[in-house]
């Protein structure tokens, strides 16, 4: 038997309301949705997956190196062909020898990843930790129901042999229903034929087929059902053998929109965080197939769920963030950084790996060359910074002020902050020796009350937070976002945002 031992969930801070669509188009085609999430210009499925995964690992009190099996699931991968778990694993400091899998091609991808994670746990029941990360940001034609419903978000689940939320049974079902929802090769927009009765029949029959194969001890308290919009899940109530109140109790679609492959995992994470004792979870992927899970909890599931937004967009701002009305980079390009050079700096860009001088203890970032403080040429000892710091200087980059490689980002996001930040060393490395232990000199001269945290100053870009959210002296934290795309390859790295309490 497999258990969920921790969950994390994340959605972007931007929201757009149904009223904004109605004002722009004269109608809103996503039934049952009052507002939805919108990814920032520098967010995609990979960065949102990172956000959810870090929250799940934090809730589980696990380090990335303790993950044996990693899965990433999305129907909207940033690139059509690439093993994204290599980048995601590096961002999370997962062991390079850990097993990894990518799942895509359907909104069912998230639950396919959960099933595969269960298989991995069953095969290594004595000791195994699996991390399932799902994220999505579907798009459709601007005046279509798919785009009006399309949200963005991510969820991550930690699976282990035993824990507070046991998956007591699972089942799947598939039946061919071509044309229900699809995205052709080379297209960014998902589409469907719009044959309403046909779509509904595919949805309800496939979900009903999967649920019918489950063995359940009792009726669930809540039913987490795939939600392409805010109306269709309720039409599957009869087929799933539950009432509409059970579906409504777990629904996130009304405030977040269609989260695609993350729809069921995100709602499941929220239901577990709320302390729900008995859950039915059932996904749907057009084509068509479904996965169903029965869960029973016995105790609180550690959770870190961030599903709230604090910035409302107009429809014009929505189109801008999505890149619909913006241009590409200016002619002439920008500063060239080769992919091999970028790859060598991944430990710094993903995990904030600095170097500590073995002679004087000063930090350098990046860790290369002579020590800036004492000039020693001895190799610096690696130490990961804490991911928090203090703004020392800040400015605003406006239109025309961005370097050419950042111009597409500025065109979509608007003004953004650029800062010098004094990043903290790890909290367990105060005046330390790089391995989390205080050195003898520091112990002799400094007690715990007066120990200071070493810092190193680095340049950093702000995320989607407004430039006026950053001021000298403010505390900030790092996250990973898109930096820019060059030669068709997107560079990811750390950016800063105001530190959460």
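The values are calculated or read from the model by the stated rules, or taken from the named source; none is laboratory data. All values derive from a computational prediction rather than experimental measurement. Reconstructed Cβ throughout: ideal geometry from the backbone, glycine too, with neighbour counts over all protein chains shown.
So here's what we get for this one:
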| read-out | value |
| --- | --- |
| Scan of segment 253-278 for residues that are surrounded by fewer than 24 Cβ atoms within 10 Å (Cβ to Cβ) and either more than 21 Å from residue 44 (Cα to Cα) or touching a helix residue (DSSP H, G or I) at 6+ places or on another chain (Cβ under 8 Å) (or both), ordered by number | 254, 270, 273, 274, 275, 276, 277, 278 |
| Test set (1) surrounded by fewer than 23 Cβ atoms within 10 Å (Cβ to Cβ); (2) over 25 Å from residue 91 (Cβ atoms) - residue 148 fails condition number | (1) |
| Any hit, segment 280-289, residues being crowded, with 20+ Cβ neighbours inside 10 Å and within 30 Å of residue 386 (Cβ to Cβ) | no |
| Residues located in segment 1-50, provided they are free of Cβ contacts under 8 Å to residues at least 12 places away in the same chain and part of a loop (DSSP other than H, G, I, E, B) | 26, 27 |
| Qualifying residue in segment 351-360 (condition: within 24 Å of the chain's Cα centre (by Cα), in the same structural domain as residue 477 (by TED's automatic domain parsing), surrounded by 13 or more Cβ atoms within 10 Å (Cβ to Cβ) and touching a residue at least 60 places away in the same chain (Cβ under 8 Å)) | yes |
| Any hit, segment 110-126, residues being in contact with a strand residue (DSSP E or B) (Cβ under 7 Å, 6 or more places away or on another chain), closer than 26 Å to residue 185 by Cα and assigned to a loop (DSSP other than H, G, I, E, B) | no |
| Among the candidates 424, 464, residue that is part of a loop (DSSP other than H, G, I, E, B) and modelled with pLDDT of 80 or more | 464 |
| Per-region count, segment 162-184, residues in contact with a helix residue (DSSP H, G or I) (Cβ under 7 Å, 6 or more places away or on another chain) and buried (at least 17 other Cβ atoms within 10 Å of the Cβ) | 8 |
| Unmet criterion (only one of (1) crowded, with 19+ Cβ neighbours inside 10 Å; (2) out of contact with any helix residue (DSSP H, G or I) (no Cβ under 7 Å at 6 or more places or on another chain)) for residue 239 | (2) |
| Test for residue 209: is it within 18 Å of residue 305 (Cα to Cα) and buried (at least 17 other Cβ atoms within 10 Å of the Cβ) | no |
| Subset tally (residues that are touching a residue at least 40 places away in the same chain (Cβ under 8 Å), surrounded by 19 or more Cβ atoms within 10 Å (Cβ to Cβ) and out of contact with any helix residue (DSSP H, G or I) (no Cβ under 7 Å at 6 or more places or on another chain)) for segment 73-107 | 1 |
| Lone unmet requirement of (1) in contact with a helix residue (DSSP H, G or I) (Cβ under 6 Å, 6 or more places away or on another chain); (2) in a helix (DSSP H, G or I); (3) farther than 21 Å from residue 119 by Cα for residue 53 | (3) |
